[in-house]
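To keep things clear, I will list the structure first and then write my remarks on it.
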Amino acid sequence: MILRLITVALCLFLSGRAAAQGGSQSPNMEKQFQPLDWVHATNVYEVNVRQYTPEGTFISFSRNLPRLKAMGVGTLWFMPVTPISHDHRQGSLGSPYACSDYTAVNPEFGTLEDFRSLVQQAHHLGLKVIIDWVANHTGWDHKWVKAHPDFYKRNAQGQFYDPHGWVDVIDLDYNNPALRQAMIESMEFWVKTCDIDGFRCDMGMLVPLDFWQQARRQLDSIKPLFYMAELDQLDNPDYLQVFDAAYTWTWMHATQTFYQQHGSLHSLDSLLQAYEQKPPPGAMRLWFTSNHDENTWNGSEYDKYGDMAPSLAVFSCTWNGIPMTYSGQELPNHKRLKFFDKDTIEWGDAQPALQGFYHSLLSLHSRNPALRAGEVAHRLPTSADDKIFAFLRKHGNDEVLVLLNWSRDSVTFHVQAQGEYQDVFTGQKIAAEQTWTLQPWGYIVMER
């Protein structure tokens, strides 16, 4: 637990430092790489292979592909598929983020051919596949430790180390050009061998920006890819010159504080404006209520947000950006999954209760041009702006109108919107000019 709490603390520290400094980047910062068109309409579903099925293998997970496709999933993000180091291993199985070989598969999950077949099956269904890439550090017995010890940083005593308190990993030295090239060639392996569609880059801001620039230039010559980074745009806007999308850690923490401490909507509104105004223009954000770190170390979305969790999922799927969901959220899963040991998601025999809920939202995001990432969301005035968060997404004649009651009270109100819409969940035709009543933490999503 300490391992991941330190990760969160580091992100908060970086956020505070960036805020104190007011940012060091020029407002004229421009993106150096443009995202692929499909990225604007996709959503990301994080796959925890170890915990997804009793077998915990690629083959057993593949049986869920048709269900996930039917749910509206667009992109599968697999947590690291590489083997795990044994030295300093935590728990019985270790952390997937302590790699021992960048160009091999964790035997716990199956074989390289199993994974290649899984990617092919996903592509046949129209799904994209990205893999977690842990470039900042490796496990203690990674094959490079003996073959290329100069690839690693050393402390004043000449020892391998990690400065963040992560006891099962050691940091790589990006001042070494040979390390950079070896890392890029390892990334190339997965593109060439398995035809993956991109990378989710773990703690991306801990790796020098110019490495990511170098890597993307070289990899794009093989196949244009989707790059998402585990960092927050408010903390590290310069990295969005290279990455297509980044996390919204600050928003995640702010909404948890809002729910638990009865905060004000004004503070959330100001934060969203800060995201929109932060360079570079065109940067995309990933909105989420859970992921592997959050679920294990801080609890499920219901532990953090209580009754607000469903409406935050609605927000994540309809605000400007890319929705991201975690394995089991469609159940819904209230269980904290163990990180270093086997702990299977308790699916049961019935269809997940929120399968239809996510189908409505994810399908809407992919089909309605108004929800393309990059299309600005417009807040709408209501007669209860201290409790109702209303906004409109618009692209040409396509519109999505969202009303969220972010309060503990039943609220009756009017919204400054006109015309007839269709309720996304019920299919019912609704006039926007009516008097609305939403129950505590209630929501309604409409399109036309």
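No lab work stands behind these numbers, since they all come straight from the coordinates. Quick caveat: nothing in here was measured; it's all calculated off a predicted structure. As a convention, Cβ positions derive from the backbone with ideal geometry for all residues, glycine included, and neighbour counts pool all protein chains shown.
Data overview
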item	result
Failed item, numbered, when residue 263 is tested on (1) outside any helix (DSSP H, G or I); (2) touching a strand residue (DSSP E or B) at 6+ places or on another chain (Cβ under 8 Å); (3) of a type outside the set (A, V, I, L, M, F, W, C); (4) surrounded by fewer than 19 Cβ atoms within 10 Å (Cβ to Cβ)	(2)
Test: residue in region 137-156 that is over 15 Å from residue 242 (Cβ atoms), in a helix (DSSP H, G or I) and among the acidic types (Asp, Glu)	yes
Which numbered condition residue 250 misses (of (1) crowded, with 18+ Cβ neighbours inside 10 Å; (2) under 20 Å from residue 140 (Cα atoms); (3) out of contact with any Pro (no Cβ under 7 Å at 6 or more places or on another chain))	(2)
Residue 231 more than 21 Å from residue 137 (Cα to Cα), in contact with a strand residue (DSSP E or B) (Cβ under 8 Å, 6 or more places away or on another chain) and either part of a helix (DSSP H, G or I) or hydrophobic (A, V, I, L, M, F, W, C) (or both)	no
Evaluation of residue 72 against (1) in contact with a Leu (Cβ under 6 Å, 6 or more places away or on another chain); (2) surrounded by fewer than 23 Cβ atoms within 10 Å (Cβ to Cβ); (3) on the phi < 0 side of the Ramachandran plot (one fails), failing number	(3)
Flag for residue 143 being closer than 20 Å to residue 190 by Cβ and among the basic types (Lys, Arg)	yes
Test result for residue 123, under 32 Å from the mean Cα position of the chain (by Cα), within 30 Å of residue 63 (Cα to Cα) and touching a residue at least 40 places away in the same chain (Cβ under 8 Å)	yes
Sole exception among (1) closer than 26 Å to residue 369 by Cβ; (2) part of a helix (DSSP H, G or I); (3) among the basic types (Lys, Arg) for residue 31, by number	(2)
